Amino acid sequence: MADHRSRKRAPISNTSIPQEKALVTYPLRMAENGFLLALKYLRALVVVIIGQRSSVL
């Protein structure tokens with residue numbers, strides 16, 4: 001069984017500061033309202049936010 005702490009995390013490198021803030025504040029707001037966001041949906045949110053930026057540029 002691999003130790004989960006030994007895995008390296010991939011950095012979120014293609015995001016701007018406002019995007020990173022959105023990725024932090026949105027799940028926190030959802031949790032405050034009683035809606036926990038599953039990790040798979042958080043990953044999908046990252047894809048959407050990065051995709052929106054690239055389509056604007």
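The values are calculated or read from the model by the stated rules, or taken from the named source; none is laboratory data. What you see is a predicted model; the values in this text were computed from it and never measured. Every residue, glycine as well, gets a Cβ built from its backbone with ideal geometry; the counts of neighbours run over all protein chains shown.
Per-residue answers, yes or no, for (1) among the hydroxyl-bearing types (Ser, Thr, Tyr); (2) at pLDDT 70 or above:
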site: Arg7; (1), (2): no, no
site: Asn14; (1), (2): no, no
site: Leu23; (1), (2): no, yes
site: Asn33; (1), (2): no, yes
site: Leu36; (1), (2): no, yes
site: Lys40; (1), (2): no, yes
site: Val47; (1), (2): no, yes
site: Ser55; (1), (2): yes, no
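Close contacts from segment 21-37, counting a first residue that is on the phi < 0 side of the Ramachandran plot and a second that is exposed (fewer than 11 other Cβ atoms within 10 Å of the Cβ) and not β-branched (Val, Ile, Thr), with Cβ to Cβ under 8 Å and a gap of 6+ residues or different chains, come to Met30/Leu36.
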